[in-house]
Amino acid sequence: MKVCVVGVGNIGTNLLTSLRRKGVQAVGVEINPDRRAALAAAGVDGVFAGPDEAGAPDVWILTTSTGPGMSHILSAVRSLSPKPGALVSVESTLPVGGTARLAEAFRERGYVPGETFHLAHVPHRILFGVEETVFDAPRVVAGVTSACRDAAIAFYRPLVPVLYPVDDVRVAELSKIVENGLRYLNIAFAEALFGYCLEHGLDWAQLHGAVNTKPNVELLNVDFGIGGECLPKDMGFLQEALQSPLLEAAVAADEAHRARLRRLAGPHRRVLVMGLTFKPGFPDTRFSRARELAEALAADGKEVYVYDPALGPEKVTELGFRWGDPGGAYDLIYQRPLAIRTAAEEEKRGQDTRDGQ
C-alpha cells in the first residue's frame, strides 16, 4: 500500500514520519519550496512539489490548512486524480458542510465518492508535547457514504488504538470544531477572571489554585491570549454554524484580555516579556499572541526585552527584540504562566531591581 500526505506542515510531517515508522510506504506533497527545503535539511525525503509526482497512491491524506473560504483545501482537492478505489481522507479541520463541498468539487471532475473512489473525514488530533504521534489519540471517522466510511476504518484500524465511527460526516466535522471551541470558551473564561483579579488587587495564582482543589473542576491557566492557527479559526467555524451570543462573548473576552495586557504597560518604559513562542518550550512564534504583544509594545515606544530559552538570543534579535536577562532591571515584567509584575513588586519580593543583581 502506498500513501501520500498532502500538506507537510507540522501535522503532515508527524503523520508522514509516523506512517514510515509503522512500515507504510509513504510520500508527501508540499507546494511551499521553503518548506520542502527545510524538510530535506531535516532528513525528511520523498516530499514532492505536486501530486502528479507522487504516482498513484492507494490512499491520499490531506493535512493542508483549510484556508479562507476553504480555498487551500479546495485547491488541494482539485489537484488530485484518485485512481479507482483509492481512499481520500481529509484530516484537515473543516467547517460544517465542508466535506460535502469537497465531494462536489470531485464530482465536477467526474470522480464520484462511494463509486469511483472513497472520500472520508478523519479529523486529526495531537497534543504536541503530550502525545508523540497523530495516531496516539482516539479518532472520529466518517465518510460521504457508508462504503467511504468503511474504507477509512479499514485503513486506520491498524494505525489508531481507538476509532469512533459516526454515520453523518457533519458530526465528524462538528466534533473537531467543538473540541477546540470548548477549549476557547474555557480559556476566555479564565482570562476574564484574570482581569477581574488584576482590577481588584486579588492574587490570580491563589484563586486558580483554590478553584482547582475541587477534583471535578479545572480552571485553566492564562497566557498572552488565544493564539495559534487552530483555535481562532475553529471558533470562527463554530460561530458560523451556531451564531451563538455565547461564542461571540468569548471572542470579545479574549480581545479584551489582549487589549488589557497592552494597556497595562502604561507609563512603563523598560518591559521584559518572558516567553515569546506560541507554546512554551517549542521554538515557533507563528500565531503567537506573546509575539503580537511584544510587537505592539515596541510600536508604543517601549524598550522591549525578550527572554525565551526555546529561541535563544540570536533568534530573538532576528525577530527584532533585545535579549532580556530575567535577573535584570525592568519597569514591568510579563511571564508564563501569565503573571505581571512591576519594579515595585520586584522590590517587595526582595530583588534589587536598581542594579539588576
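The values are calculated or read from the model by the stated rules, or taken from the named source; none is laboratory data. Everything quoted here is computed from the prediction, not taken from an experiment. Positions of Cβ are generated from backbone atoms using ideal geometry, with glycine treated the same way; all protein chains shown enter the neighbour counts. We work out accessible area using only protein heavy atoms, side chains counted, and drop any ligands, DNA or RNA first. Shrake-Rupley method; radii C 1.70, N 1.55, O 1.52, S 1.80 Å.
For Val316, neighbours were defined as the other residues whose beta-carbon sits under 10 Å from its Cβ, and their charges (Lys and Arg +1, Asp and Glu -1) total -1.
A full extension of the chain between Ala210 and Ala259 corresponds to an added length of 15.0 nm, given 0.36 nm per residue minus the alpha carbon distance. Residues whose amide H falls under 5 Å from that of Lys2, counting only those 5 or more places apart or on a different chain, are Asp58, Val59, with hydrogens built in the peptide plane. Given the alternatives [x] 157; [y] 226; [z] 121, volume of the Cα convex hull per residue in Å³ as computed for this entry is given by [x]. Here is the size of region 180-278 from its Cα atoms: Rg then Dmax, 14.7, 44 Å. Karplus-derived 3J(HN,Hα) values for region 192-199, using 6.51 cos²θ - 1.76 cosθ + 1.60 with θ = phi - 60°, are 5, 5, 4, x, 4, 4, 4, 6 Hz; glycine and proline are entered as x.
Note on Asp167: accessible area is roughly 140 Å² with a 1.4 Å probe, heavy atoms of protein only.
Answer rounded, prolate or oblate for region 42-157, using the Cα gyration tensor with square roots of eigenvalues a ≥ b ≥ c: rounded when a/c is under 1.5, else prolate when a/b is larger than b/c, else oblate. Here region 42-157 falls in the rounded category. Extension gain for the segment Ala298 to His268, taken as residue separation times 0.36 nm less the Cα-Cα distance, is 9.6 nm to one decimal. Restricting the calculation to Cα atoms, region 230-274 shows an Rg/Rh of 1.19 when the hydrodynamic-style radius is the Kirkwood one. A Gaussian network model of the chain, with springs between Cα atoms under 10 Å, assigns the largest mean-square fluctuation among Pro309, Pro326, Pro158 to Pro158.
Working from Cα pairs under 8 Å separated by at least six residues, relative contact order for the chain is 10 percent. How many lysine pairs does the chain hold where the Cα atoms are under 26 Å apart and the two sit 8 or more places apart or on different chains? Counting lysine pairs in the chain gives 11. 3J(HN,Hα) along region 294-309, derived from phi through the Karplus expression 6.51 cos²θ - 1.76 cosθ + 1.60 where θ = phi - 60°, amounts to 4, 5, 5, 5, 5, 5, 7, x, 7, 8, 9, 10, 10, 10, 8, x Hz, with x in place of Gly and Pro. Between rounded, prolate and oblate, where does region 35-98 land on the alpha carbon gyration tensor, with a ≥ b ≥ c its root eigenvalues, rounded for a/c under 1.5, else prolate if a/b exceeds b/c? Here region 35-98 falls in the oblate category. The separation of region 187-226 from region 105-169, counted between C-alpha centres, amounts to 37 Å.
Spin-label model, Val24/Ile340: points 7 Å from Cα along the beta carbon direction are separated by 4.6 nm. The amide H of Phe48, built 1.01 Å from its N in the peptide plane, has Gly28, Val29, Glu30 as neighbours under 5 Å, considering only residues 5 or more places off or on other chains.
Each label was represented as a point 7 Å from its Cα along the Cα-to-Cβ direction; for Glu248 and Arg109 these points are 4.0 nm apart. The antiparallel fraction among DSSP beta bridges confined to the chain stands at about 15%. Surface calculation, 1.4 Å probe, protein heavy atoms: Arg109 sits at approximately 90 Å² accessible. Does region 90-211 come out rounded, prolate or oblate, given a ≥ b ≥ c as the square roots of the eigenvalues of its C-alpha gyration tensor, rounded meaning a/c under 1.5 and, failing that, prolate meaning a/b above b/c? In terms of gyration-tensor shape, prolate. In sequence order, region 97-107 has phi-based couplings of x, x, 5, 4, 5, 5, 4, 5, 4, 5, 4 Hz under the Karplus curve 6.51 cos²θ - 1.76 cosθ + 1.60, θ = phi - 60°, and Gly or Pro positions carry x.
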